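Contents: one structure, followed by commentary.
The values are calculated or read from the model by the stated rules, or taken from the named source; none is laboratory data. Everything numeric in this text was worked out from a predicted model, so none of it was measured. With ideal geometry, Cβ positions are generated from the backbone for all residues, glycine too; neighbour counts draw on all protein chains shown. Keep in mind that these areas ignore ligands, DNA and RNA; they rest on the heavy atoms of the full protein, side chains included. Shrake-Rupley method; radii C 1.70, N 1.55, O 1.52, S 1.80 Å.
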Amino acid sequence: MKRLLIAIVLTMVCVTTSYAEEDTAITAQENNTVTMGDLVGKTILYTWRTGPFKGASHILLIVDPNTMRLSIESGMKMTDPKTIRFDVVQVSDQVVYITWRSEEYAQTVVMTFNFKTNMIYEVAVTEKANYLSQGPFILKN
């Protein structure tokens, strides 16, 4: 009986310690703020899961807090990297909007990066249509 009581107490201590460590890790992750300044020099790789360009893969290099180099690596129309100036809105600690106007395609683009879920969402608006896309991304150094 004494051994059973000791086993139960040890199990409760181990389980409590395990949950405490998990809560600490989640809290630390949630308090992480990602800004465009943090992303300078980093590359974002993404592939659309939905939308008109489903399956197309892109590489986006953040040059400075308002400039990126964007290239389409696979899909219907591959392109050479283009330098794009954009505006930024920091929506929350881990969500950033960037937007720019593409004169080449006569469209306005808004991209939402959710660094908590590693998902990217894009709305491209032309005179005649709105294109919605989403997919996962990977952040590389």
Kindly list the number of the only condition in (1) charged (D, E, K, R); (2) at pLDDT below 95; (3) open to solvent by less than 70 Å² (accessible area, probe 1.4 Å) that fails for LYS77. (3)
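This table checks each residue for (1) free of Cβ contacts under 8 Å to residues at least 12 places away in the same chain; (2) charged (D, E, K, R); (3) at negative phi.
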residue: ASP87; (1), (2), (3): no, yes, yes
residue: ASP93; (1), (2), (3): no, yes, yes
residue: ARG101; (1), (2), (3): yes, yes, yes
residue: MET119; (1), (2), (3): no, no, yes
residue: ALA129; (1), (2), (3): yes, no, yes
residue: SER133; (1), (2), (3): no, no, yes
residue: LEU139; (1), (2), (3): no, no, yes
Those residues that are touching a Ser or Thr at 6+ places or on another chain (Cβ under 8 Å), among the aliphatic types (A, V, I, L, M) and either under 13 Å from TRP48 (Cβ atoms) or at pLDDT 95 or above (or both), I need them from segment 105-122; list them, please. VAL109, VAL110, MET111, ILE120
So, of the residues in segment 58-67 that are open to solvent by less than 30 Å² (accessible area, probe 1.4 Å) and under 15 Å from the mean Cα position of the chain (by Cα), which turns out to be farthest from GLY135 (Cα to Cα)? ILE62
Those residues of segment 80-102 which are open to solvent by 30 Å² or more (accessible area, probe 1.4 Å) and small (Gly, Ala, Ser), in sequence order: SER92
Single residue of segment 103-117 satisfying the filter (free of Cβ contacts under 8 Å to residues at least 40 places away in the same chain and closer than 18 Å to ASN66 by Cβ) that is most open to solvent (accessible area, probe 1.4 Å): GLU103
